[in-house]
Amino acid sequence: MYESIDMSKVMLKHSPLLKATRQMEVVGHHWTLVVQSLPLFEAQLDTEKAHFIAFTGTTLSFLLAWLTWLLTTGRSRAIVVANAMTRELRESEERWKFALEGSGDGVWDWDIKTGRVFLSKRWNEILGFDDVDTEKYFEQWKLLIHEADFKETMAVLQAHLNKQTPTYFHEHRVRCQDGSLKWILSRGMVISRDVHGQPIRMLGTYTDISTRKMAEAQISQLAHYDVLTNLPNRALLLDRLEHEIKKTKRTGAPLGLMFTDIDHFKEVNDTLGHHIGDLLLKEAAQRLLSCVRETDTVARFGGDEFTIILGELDDMGSVDRIAKDILHKLSQPFELDCEVIYVSVSIGITLYPHDAIGAEGLLQNADQAMYSAKSQGRNRYNYFTRSMQEAAQTRMRLANDLRTAVSSNQLFVVYQPIIDLTTGLVHKAEALVRWQHPTRGLVSPVEFIPIAEETGLIIDVGNFVFEQAAMTVKRWRESHHPHFQISVNNSPVQLYQANESNIDWFSTLKALGLSGQSISIEITESLLMDASDIVREKLLAFHDVGMQVSLDDFGTGYSSLSYLKKFDIDYLKIDQSFVRNLTSNSEDHVLCEAIIVMAHKLNIKVIAEGVETAEQRDLLFAAGCDYAQGYLFAKPLTVKDFETFITLA
């Protein structure tokens with residue numbers, strides 16, 4: 001065989017009997033195949049056999065050449081196919097890499113047999129590692145998982161490795177290079193197993209979900225915690241209370257529930273503003289937390305009301321100790337901005353399972369016990385009793401009935417004469433409301449006035465009394481004395497309302513042709529102390545139209561003399577608690593004399609309430625008291641009876 005050779009140049013030693021020549025091209029080269037017989041071979045064969053052998057050899061040569069061509073061109077085609085497949089795989093990997101990096105996920109590739117974990121650039125970016133750190137071992141990788149999430153994370157991963165789940169999917173925290181924590185969503189899948197089904201390789205991603213988790217935490221915080229105090233709110237309280245009830249059923253240890261309310265909190269808001277009120281609530285919340293155990297729950301139930309769950313009580317005496325500690329700590333002064341505030345709290349206590357078996361029942365019981373504490377003077381705690389439940393039901397029924405009392409003409413007004421101690425004449429009276437219930441009969445104001453104030457019905461009741469008093473005073477000014485005056489009690493709730501009621505009252509006087517001096521407004525001493533801008537504006541409005549102001553129950557509060565001048569008080573009414581035991585040389589006698597002298601120095605007239613004996617009248621008159629009212633002179637009378645009384649007097 002010769003490569004690219006001219007056959008004319010081939011020098012043969014003899015002329016062969018048998019000879020064959022063929023040209024071929026293999027892998028880009030030209031070849032010449034020459035087959036010829038040698039003399040020794042020719043001597044042993046005859047001519048016919050020689051031709052047969054030459055033919056056979058030539059055929060075999062062609063076959064050999066054809067096989068060589070197939071092998072050569074097959075290898076070339078294989079190389080072309082392999083190059084094409086490599087190119088497609090590279091393009092596929094580039095598309096896959098682009099998709100993963102475009103999603104913002106970090107990729108991890110775990111060789112389970114060797115324990116090596118290959119990490120993408122984005123994976124390192126998420127956790128703050130260097131780009132060159134593209135490989136870790138599984139044991140190192142596990143250490144990044146937060147210890148609180150580690151056990152669950154490993155359990156979910158192992159379940160997938162054991163073919164218990166089609167994919168691996170888990171949210172947990174991991175520690176970054178700088179020590180900070182991030183929430184990640186880890187997803188993956190075993191992509192290769194051996195013949196025994198054991199995992200060989202697993203591929204997955206990390207997704208940074210820290211922002212989403214932060215938003216979820218904020219939503220959960222808003223849904224379950226009070227924004228102002230950061231205490232559990234009503235929803236979370238109910239959930240925890242249900243949980244504690246279930247725990248008590250298992251353990252048998254009782255639990256206590258406290259309902260705590262800040263006394264006169266509304267006055268703080270109205271007088272000092274909501275900013276100070278909010279500061280007070282925040283500080284009160286912290287003081288309550290300092291009174292209970294870490295396992296207890298202090299929640300803000302609403303407004304100025306706090307609820308405390310005392311779980312697993314081993315010693316029932318601890319409930320009393322906690323209640324007393326709360327009363328003490330919240331009675332200490334609150335220094336808020338530039339203000340120093342003193343408050344008290346009323347606490348209601350109920351026990352599970354002694355008082356109720358459900359969360360709602362416990363809350364109702366604690367509320368009723370708290371209401372009882374308030375009605376008994378505040379700044380105290382009361383345990384729930386069955387009688388409280390009956391009283392609460394009675395209050396609820398009365399509240400419902402009171403809503404229809406005004407429109408149904410069940411309310412009426414009576415008038416108690418106020419006597420001029422110098423002349424003995426009656427030119428004044430106090431208007432008092434009464435309720436004739438259709439089934440209960442005459443309901444005492446002591447029962448329904450607090451309910452009216454709690455429900456806001458006192459506005460309608462007060463307007464009714466004022467209208468009746470205005471019509472009556474017009475009648476008596478015409479029939480009895482041109483300067484007759486009727487005093488009308490004004491609840492703090494009424495004064496804290498907007499000015500619409502005042503406008504209605506002034507319109508009523510104008511429509512009847514009455515001057516402002518025909519009506520005197522009675523307010524309490526506590527209201528004067530806590531007077532807000534709203535109260536001051538209303539009192540000024542009364543004075544602007546000529547209405548006088550009386551300070552009721554004087555001596556029972558702590559108002560200073562400066563308030564008397566500041567609000568231009570016209571009358572002081574000495575509380576009947578000083579008059580009741582009034583005798584010569586008694587302490588009450590000294591106090592009454594002092595009040596009268598002080599008031600006169602300020603040009604304020606004095607009215608004594610609750611005068612029942614002639615001795616009390618004489619002592620008050622001797623001390624210089626201007627007016628008196630009480631059963632010595634007359635009980636509260638209807639209009640008709642009052643007119644008869646005036647005639648006889």
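The values are calculated or read from the model by the stated rules, or taken from the named source; none is laboratory data. Because the structure is predicted, anything quoted here is derived from the model rather than measured. A quick note on method: Cβ atoms are made from the backbone with ideal geometry, for glycine too, and the neighbour counts reach across all protein chains shown.
Rundown of residues vs (1) surrounded by 15 or more Cβ atoms within 10 Å (Cβ to Cβ); (2) among the acidic types (Asp, Glu); (3) within 23 Å of SER290 (Cα to Cα), yes/no style:
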site: MET316; (1), (2), (3): no, no, yes
site: ARG321; (1), (2), (3): no, no, yes
site: ASP325; (1), (2), (3): yes, yes, yes
site: ILE341; (1), (2), (3): yes, no, yes
site: VAL345; (1), (2), (3): yes, no, yes
site: LEU351; (1), (2), (3): yes, no, yes
site: ASP355; (1), (2), (3): yes, yes, no
site: GLU360; (1), (2), (3): no, yes, no
site: GLN364; (1), (2), (3): yes, no, no
Would you point out which residue out of ILE184, ILE191 is part of a strand (DSSP E or B), farther than 18 Å from TRP141 by Cα and assigned by TED's automatic domain parsing to the domain that holds PHE129?
ILE191
Can you tell me which residues in the stretch 174-202 are in contact (Cβ under 8 Å) with a residue 60 or more places away in the chain and within 17 Å of GLY104 (Cβ to Cβ)?
GLY188
Any residue that is surrounded by 18 or more Cβ atoms within 10 Å (Cβ to Cβ), in contact with a strand residue (DSSP E or B) (Cβ under 9 Å, 6 or more places away or on another chain), of a type in the set (D, E, K, R) and at pLDDT below 90 - is there at least one of those in the stretch 125-132?
no
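Among the listed residues GLY424, GLY462, which satisfies the condition of being more than 30 Å from GLU360 (Cα to Cα), among the small types (Gly, Ala, Ser) and not in a loop (DSSP other than H, G, I, E, B)?
Working: GLY424 fails: not in a loop (DSSP other than H, G, I, E, B).
Within the list GLY424, GLY462, the selection yields GLY462.
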Qualifying residue in the stretch 607-618 (condition: assigned by TED's automatic domain parsing to the domain that holds ASP420, under 12 Å from ASP420 (Cβ atoms), touching a residue at least 40 places away in the same chain (Cβ under 8 Å) and not charged (D, E, K, R)):
yes
Taking interchain pairs and intrachain pairs at least six residues apart, which have beta carbon atoms under 7 angstrom, with the first residue in the stretch 342-357 and over 26 Å from ALA253 (Cα atoms) and the second of a type in the set (Ser, Thr, Tyr)?
SER344/SER331; VAL345/THR260
Among the numbered conditions (1) surrounded by 14 or more Cβ atoms within 10 Å (Cβ to Cβ); (2) not assigned by TED's automatic domain parsing to the domain that holds ALA323, tell me where ASP261 comes up short.
(2)
Give GLU478, GLU467 a once-over and let me know the one that is surrounded by fewer than 14 Cβ atoms within 10 Å (Cβ to Cβ) and either modelled with pLDDT of 95 or more or acidic (Asp, Glu) (or both).
GLU478
Confirm whether ARG434 is surrounded by fewer than 21 Cβ atoms within 10 Å (Cβ to Cβ) and under 29 Å from TYR342 (Cβ atoms).
no
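Residue under question is ASP315, and the condition is that it be modelled with pLDDT under 90 and not assigned by TED's automatic domain parsing to the domain that holds VAL493; does it hold? Working first, answer last.
Values: modelled with pLDDT under 90: yes; not assigned by TED's automatic domain parsing to the domain that holds VAL493: yes.
Judged against the criteria, ASP315 is a match.
Could you count how many residues in the stretch 195-239 are out of contact with any Gly (no Cβ under 8 Å at 6 or more places or on another chain) and within 30 Å of ARG122 (Cβ to Cβ)? Give the derivation first.
So in the stretch 195-239, the residues out of contact with any Gly (no Cβ under 8 Å at 6 or more places or on another chain) come out as 195-201, 209-233, 235-239.
Checking the rest, the ones that are also within 30 Å of ARG122 (Cβ to Cβ) come to 198-201, 209-220.
Residues flagged as out of contact with any Gly (no Cβ under 8 Å at 6 or more places or on another chain) and within 30 Å of ARG122 (Cβ to Cβ) within the stretch 195-239 amount to 16.
Go through the stretch 151-165 and report how many residues are of a type outside the set (Val, Ile, Thr) and touching a residue at least 12 places away in the same chain (Cβ under 8 Å).
To start, the set of residues in the stretch 151-165 that are of a type outside the set (Val, Ile, Thr) comprises 151-152, 154-155, 157-164.
Applying the additional criterion that residues be touching a residue at least 12 places away in the same chain (Cβ under 8 Å) yields 152, 154, 157, 160-161, 163.
Qualifying residue count, the stretch 151-165: 6.
Among the candidates LEU572, LEU591, LEU540, LEU602, single out the residue that is over 25 Å from GLY516 (Cβ atoms) and assigned by TED's automatic domain parsing to the domain that holds VAL414.
Working: LEU572 fails: over 25 Å from GLY516 (Cβ atoms); LEU540 fails: over 25 Å from GLY516 (Cβ atoms); LEU602 fails: over 25 Å from GLY516 (Cβ atoms).
Among LEU572, LEU591, LEU540, LEU602, only LEU591 is over 25 Å from GLY516 (Cβ atoms) and assigned by TED's automatic domain parsing to the domain that holds VAL414.
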Condition test on LEU432, is it assigned by TED's automatic domain parsing to the domain that holds ILE523 and closer than 22 Å to ASP504 by Cα?
yes
Specify which of the listed residues (ALA148, ALA155) is surrounded by fewer than 17 Cβ atoms within 10 Å (Cβ to Cβ) and farther than 22 Å from MET189 by Cβ.
ALA148
From (1) among the acidic types (Asp, Glu); (2) in contact (Cβ under 8 Å) with a residue 60 or more places away in the chain; (3) outside the structural domain of LYS605 (by TED's automatic domain parsing), pick out the condition that doesn't hold for GLU390.
(2)
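Pick from the stretch 383-431 the residues that are among the basic types (Lys, Arg) and closer than 30 Å to LYS324 by Cα: which of them is surrounded by the most Cβ atoms within 10 Å (Cβ to Cβ)?
Our first condition is that a residue be among the basic types (Lys, Arg); within the stretch 383-431, this holds for 386, 395, 397, 403, 428.
Still in the list and also closer than 30 Å to LYS324 by Cα: 386, 395.
Details: ARG386: 9, ARG395: 19.
Top of the filtered list is ARG395.
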Looking only at the stretch 574-583, decide whether some residue is within 28 Å of ILE534 (Cα to Cα) and surrounded by fewer than 22 Cβ atoms within 10 Å (Cβ to Cβ).
yes
Can you run down the residue pairs with Cβ atoms below 7 Å, 6 or more apart or on separate chains, where the first is in the stretch 475-491 and part of a helix (DSSP H, G or I) and the partner is surrounded by 14 or more Cβ atoms within 10 Å (Cβ to Cβ) and among the hydrophobic types (A, V, I, L, M, F, W, C)?
TRP476/PHE484; ARG477/PHE484
List the residue pairs whose Cβ atoms are under 8 Å apart, where the first residue sits in the stretch 246-261 and is free of Cβ contacts under 8 Å to residues at least 12 places away in the same chain, the second is exposed (fewer than 13 other Cβ atoms within 10 Å of the Cβ), and the two are 6 or more positions apart or on different chains.
none
